[in-house]
Amino acid sequence: MSTARLTMAISGLSCGGGGALVVERALAKLPGVVRVYVNPATEMAYIEYDPSRLSWEQLAAAVESVGFRASEPMVR
């Protein structure tokens with residue numbers, strides 16, 4: 001499996017971290033996500049995933065399904 005990494009800004013997270021956990025769990029449930037970390041202080045999600053199974057639009061939709069807004073990603 002070939003993986004890609006991307007960074008995505010998440011709007012609406014608070015420094016308390018509860019929102020970050022909600023977003024992490026939503027992303028981690030997607031088939032093809034290998035690793036995810038959401039930093040509530042910087043409002044950034046760091047995602048390693050299989051691009052043959054997921055698009056960034058699907059990742060963004062998962063973020064939006066739990067009440068937050070995702071920006072277009074920066075591929076690393």
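The values are calculated or read from the model by the stated rules, or taken from the named source; none is laboratory data. Note that the coordinates shown come from a computational prediction; the quantities given were computed from them, not determined experimentally. When we count neighbours, we look across all protein chains shown, and the Cβ atoms used for this are built from the backbone with ideal geometry, even at glycine.
Screening Leu6, Leu54, Leu13 for residues that are hydrophobic (A, V, I, L, M, F, W, C), surrounded by 13 or more Cβ atoms within 10 Å (Cβ to Cβ) and in contact (Cβ under 8 Å) with a residue 60 or more places away in the chain leaves exactly one candidate, Leu6. Total residues in segment 43-63 satisfying the condition of being under 11 Å from the mean Cα position of the chain (by Cα), at pLDDT 95 or above and among the acidic types (Asp, Glu): the figure is 1.
Scan segment 41-55 residue by residue and report those that are in contact with a Pro (Cβ under 9 Å, 6 or more places away or on another chain), of a type outside the set (Gly, Ala, Ser) and in a strand (DSSP E or B). Step through it out loud before you land on a result.
As a first pass, look at segment 41-55 and keep what is in contact with a Pro (Cβ under 9 Å, 6 or more places away or on another chain): 45, 47, 50, 53-54.
Those still in the list that are of a type outside the set (Gly, Ala, Ser) too: 47, 50, 53-54.
Scanning segment 41-55 gives a single hit, Ile47.
Evaluate the following for Ile47: is it buried (at least 17 other Cβ atoms within 10 Å of the Cβ) and in contact with an Asp or Glu (Cβ under 7 Å, 6 or more places away or on another chain)?
Details: buried (at least 17 other Cβ atoms within 10 Å of the Cβ): yes; in contact with an Asp or Glu (Cβ under 7 Å, 6 or more places away or on another chain): no.
Considered against the rule, which asks whether it is buried (at least 17 other Cβ atoms within 10 Å of the Cβ) and in contact with an Asp or Glu (Cβ under 7 Å, 6 or more places away or on another chain), Ile47 comes out as no.
Val75 - would you say it is β-branched (Val, Ile, Thr), closer than 18 Å to Met1 by Cα and modelled with pLDDT under 95? Here the answer is yes, as Val75 does meet what is asked.
Within segment 63-76, identify whether any single residue is crowded, with 17+ Cβ neighbours inside 10 Å, in contact (Cβ under 8 Å) with a residue 60 or more places away in the chain and either out of contact with any Pro (no Cβ under 9 Å at 6 or more places or on another chain) or in a helix (DSSP H, G or I) (or both), and answer yes or no. Working first, answer last.
Applying the first criterion (crowded, with 17+ Cβ neighbours inside 10 Å) to segment 63-76 yields 63, 68, 70, 73.
With the extra rule that they be in contact (Cβ under 8 Å) with a residue 60 or more places away in the chain, the set shrinks to 70, 73.
Okay, now just the ones that are also either out of contact with any Pro (no Cβ under 9 Å at 6 or more places or on another chain) or in a helix (DSSP H, G or I) (or both), so 70, 73.
Yes: one or more hits.
Among the residues examined, Val38 qualifies as assigned to a strand (DSSP E or B), touching a helix residue (DSSP H, G or I) at 6+ places or on another chain (Cβ under 8 Å) and more than 23 Å from Ser2 (Cβ to Cβ). Within segment 31-68, the set of residues being basic (Lys, Arg) and closer than 15 Å to Leu21 by Cα comprises Arg35 only.
Only a single item in (1) at pLDDT 95 or above; (2) part of a helix (DSSP H, G or I); (3) buried (at least 16 other Cβ atoms within 10 Å of the Cβ) is not met by Gly19, and it is number (1).
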